[in-house]
Amino acid sequence: MRGFLGRWGGFLVLTAVVLLLPLILPNRFYFDMAVKVWLNAIVCVGLNLLIGYAGQISLGHAGFFALGAYASAILTRRFEIPGLVAMLMGAAGVGLLAFLVARPILKLKGHYLAMATLGLGIIVAIVINREIWLTGGPDGVRVPALFIGDWRVSRIEDWYWVAGGAMLLAVWLALNLIDSGVGRALRALHGSEVAAATAGVDTVRDKAMVFVVSAVFASIAGSLFAHAERFITPQEAGFLRSIEFVTMVVLGGMASTFGAVVGAALLTVLPQAVAEFQDYKHLAFGAILIATMIFLPKGLVPSLAELFRRRRP
Amino acid sequence: MFRLTRRVAVAAMAALAAFGLGTAQAQQPPIRIGAVLAVTGGAAFLGDPAAKTLRLYVERLNRAGGVAGRQLELRLYDSAGDPRQAVTFTRRLIEDDRVDFIIGASTTGETMAMIELVEEARIPLISLAGANVIVEPVKRWVFKTPHSDRMAVEKIYEDMRRNNWTRAAIVAGSGGFDQSCRAEARALAQRFNVTIVADETYAATDTDMTPQLTRVRNANPQAIVGCGFGAPTVITARNFRQLGMTGVQFYFNHGVASQQFIDQAQGAAEGMRMPVAALLVAEQLPADDPQKAVTMEYTQVYRQAYNENVSGFGGHAWDALMIALEAVRRAGGTDKARVRDEIERTTNFIGVDGIFNMTPQDHMGLDQRSFKMVEVRNNTWRLLY
């Protein structure tokens with residue numbers, strides 16, 4: 001029982017939060033915020049596998065997010081393919097793309113890897129911006145509502161459950177992956193790639209796999225986002241969005257799945273919270289980020305967990 | 001004894017006054033105005049003067065006792081020109097702030113992203129963005145105050161006809177407003193007997209338009225129609241000057257209607273023509289012009305408050321605010337459906353953009369008369385006609 005709680009305690013708490021949160025959300029605006037938190041969390045949980053566990057950086061995940069979103073938008077709108085099928089087709093396409101670029105890209109290290117993924121994201125953004133006949137160009141495109149069977153998911157309260165469920169599924173998958181042989185191999189890889197290879201870990205294959213998994217997570221989140229928002233623009237593929245995702249992971253705490261969720265929540269809600277400061281909002285936003293980096297360098301969740309452990313010997 | 005009673009009397013009166021005031025205010029909740037504007041970011045030159053205008057006039061109206069006996073409350077959010085944020089803030093205004101109507105957004109893309117939400121929530125929206133698509137086809141709850149790009153192109157072609165020019169080139173950005181203007185320029189060409197000899201597009205992030213302009217020069221047009229706004233228009237103007245193209249008249253649409261454009265072009269805008277709202281040439285309007293009084297008043301108030309020149313984009317916000325508040329006054333309250341109906345019934349409203357006559361078929365309500373053709377001379381606008 002103790003082992004079960006130790007492994008799944010966090011997951012149960014998260015499930016409880018998803019289930020109970022609607023009781024205190026005062027209106028639909030807060031539901032909308034929660035939906036965005038859950039969807040960003042899906043991307044961050046995937047990205048955290050790559051950054052926190054495999055030790056690789058990606059500055060191009062907004063590109064995967066946008067590809068998923070546009071795949072859903074275009075396939076459902078133009079070809080009238082059911083939403084869920086379109087979502088899976090998008091995810092498969094993004095997975096394939098990630099797989100194809102993974103080997104050459106992941107051979108790079110450090111800054112070079114960051115530059116390559118950055119380039120990938122920017123190429124996606126340029127294509128979406130320029131291929132106006134297909135994507136609608138810089139002004140974006142409307143997205144039809146999502147149907148799950150006969151259920152038309154349109155109310156934001158419904159989206160809360162869809163997004164929350166998808167997020168829990170993503171966390172569950174990530175936790176399982178981390179606890180598997182692949183997860184241990186990834187952590188070994190993060191520690192020292194040479195040592196991991198010497199110990200018999202197929203580092204190339206494992207890195208590529210985790211890159212594909214994180215890209216697919218981003219793609220699914222993008223598809224859900226497109227249907228929830230009903231409107232999508234190329235800005236979703238932008239460089240700043242990629243940075244935002246990385247910041248969420250780092251802020252929440254690398255190599256902590258729940259940290260990724262907390263980071264996503266914080267950085268999604270914070271801009272709304274500081275919007276009250278009007279002209280000073282950028283200042284407030286920056287100050288909070290800097291303070292977190294200085295005082296909690298490992299990220300929120302790991303730093304706080306450590307503090308908690310130290311208090312209670 | 002006498003002093004005591006007097007004190008008691010004063011206290012009682014004060015208490016009464018406070019109580020009376022309190023109940024009066026309780027009976028009259030404020031009129032809540034929502035705004036989503038691009039105050040920062042690439043489109044800040046649109047959103048910044050609009051935000052300043054709204055803040056200034058809400059404060060002035062409140063000092064003068066509010067509207068229909070009710071105070072005004074402005075909830076203004078900065079979308080930074082990002083459609084995703086514009087949508088999020090729109091939802092916040094509707095669901096959390098429970099505003100009575102919404103002004104914004106600054107750009108066409110953001111407005112188009114917001115429409116779904118306001119139509120569903122049944123709340124009046126007055127956009128400050130330019131393109132036709134916002135009100136064509138008519139959306140029940142969506143209005144706009146700036147002139148449309150079609151009118152701008154018509155005015156430009158009209159000016160070309162006066163000069164017997166028939167060969168035109170288009171230089172447009174890739175954004176919605178730009179492309180909408182470009183589409184109009186192509187569609188209207190035949191009616192005005194204009195031949196399009198070159199049609200060039202640049203991306204919003206381009207930093208050099210020389211390639212496009214070189215191709216335009218090779219096509220040998222008599223006039224160039226520039227469709228765009230913001231930094232790319234400034235670069236286009238400078239490149240045009242650097243190429244030393246003579247014998248070609250450069251026209252811009254109304255997306256450049258701010259002093260910033262002239263200043264940043266650093267002399268390159270000299271001689272360029274554009275259709276703009278009367279506001280930019282308020283001082284030069286003849287005294288009998290119906291818009292003279294209203295444009296002069298806004299110009300002076302704005303200049304006094306912020307010590308900077310007015311721009312057309314602040315003017316759009318003034319018109320939007322006043323049209324909405326007039327509608328609230330006529331509707332006798334802030335019932336959203338009735339306010340919407342009254343906005344649609346706006347007739348002969350003299351704004352800084354022009355004289356508005358809205359109908360169920362026309363949710364902008366401006367006509368060609370209110371559009372002025374101006375030329376840049378000595379770093380300022382010179383009214384032509």
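Nothing in this text is a laboratory measurement; each read-out follows from the coordinates by a stated rule. For clarity, every value in this text was computed on a predicted model and none was experimentally measured. Note that we place each Cβ from the backbone using ideal geometry, even for glycine, and neighbour counts take in every protein chain shown.
The table below lists the values:
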quantity	calculated
DSSP-defined antiparallel bridges as percent of all bridges, region B:19-155, nearest 5	5
Sum of -39500 (n - 2.57) over DSSP H runs of 4+, divided by residues of chain B (222 nm, nearest 500)	-14000 deg cm²/dmol
Linear extension gain, A:ASN27 paired with A:LYS107, 0.36 nm per residue minus alpha-carbon span	24.0 nm
Chain B, Cα convex hull volume normalised per residue, Å³	150
Cα coordinate range in region A:38-197, projected on the principal axes (Å, largest first)	51, 35, 21
Cubic angstrom per residue, convex hull over Cα atoms of region B:56-203	144
DSSP bridge orientation in chain B - percent antiparallel, rounded to nearest 5	30
Global form of region B:299-385, assessed from the alpha-carbon gyration tensor, a/c cut-off 1.5	oblate
Beta bridge orientation in the protein assembly as shown: antiparallel %, DSSP, nearest 5	35
Cα centroid of region A:25-104 to Cα centroid of region B:64-79, whole Å	40
Under 16 Å from A:LYS107, Cα to Cα: lysines that are on another chain or at least 8 residues apart	A:LYS207
For A:GLY60, residues with placed amide H under 5 Å, excluding near neighbours	none
Amide H partners (placed H, <5 Å) of B:THR201, local residues excluded	B:ALA172
Gyration tensor (alpha-carbon) shape descriptor, region A:231-284, a/c threshold 1.5	oblate
Estimated vicinal HN-Hα couplings, Hz - region B:208-218 in sequence order (Karplus 6.51, -1.76, 1.60; Gly, Pro = x)	8, 9, 4, x, 4, 5, 5, 5, 4, 4, 5
Over region B:155-211, volume per residue of the alpha carbon convex hull, in Å³	83
Rounded if a/c under 1.5, otherwise prolate or oblate - region A:27-311, Cα gyration tensor axes	oblate
Rounded to whole Hz, the Karplus (6.51, -1.76, 1.60) HN-Hα couplings of region B:366-378, x for glycine and proline	9, 10, 4, 4, 7, 8, 10, 8, 10, 10, 7, 9, 6
Region B:161-270, relative contact order [Cα under 8 Å, separation at least 6], %	29
Paired Rg and Dmax values of region A:178-285, which use every Cα atom, in angstrom	17.7, 55
Convex hull (Cα only) mean projected area of the protein assembly as shown, reported in nm² to one decimal	40.8
Computed magnitude of the charge dipole of region B:340-385 (debye, nearest 20; Cβ of K, R +1, Cβ of D, E -1)	320
Flagged links, alpha-carbon separation over 26 Å, of A:LYS36/B:LYS52; B:LYS144/B:LYS336; B:LYS52/B:LYS372; B:LYS52/B:LYS155; B:LYS52/B:LYS292	A:LYS36/B:LYS52; B:LYS52/B:LYS155
Ranked list, fewest to most other Cβ atoms within 10 Å of each Cβ, for B:LYS144, A:LYS109, B:LYS292, B:LYS52	A:LYS109, B:LYS292, B:LYS52, B:LYS144
Cut-off under 5 Å, modelled amide H: who pairs with B:VAL374 long-range	B:MET274, B:VAL276, B:LEU384
Ratio Rg/Rh [Cα only; Rh per Kirkwood] for region B:217-362	1.08
Region A:12-29 - phi-based ³J(HN,Hα) in whole Hz, Karplus 6.51/-1.76/1.60, Gly and Pro as x	5, 4, 4, 4, 4, 4, 4, 6, 8, 3, x, 5, 10, 6, x, 8, 5, 4
Spherically averaged projected area of region B:50-110 from its Cα convex hull (nm²)	4.3
Most mobile of A:GLY222, A:GLY110, A:GLY68 in a GNM of chain A (Cα contacts under 10 Å)	A:GLY110
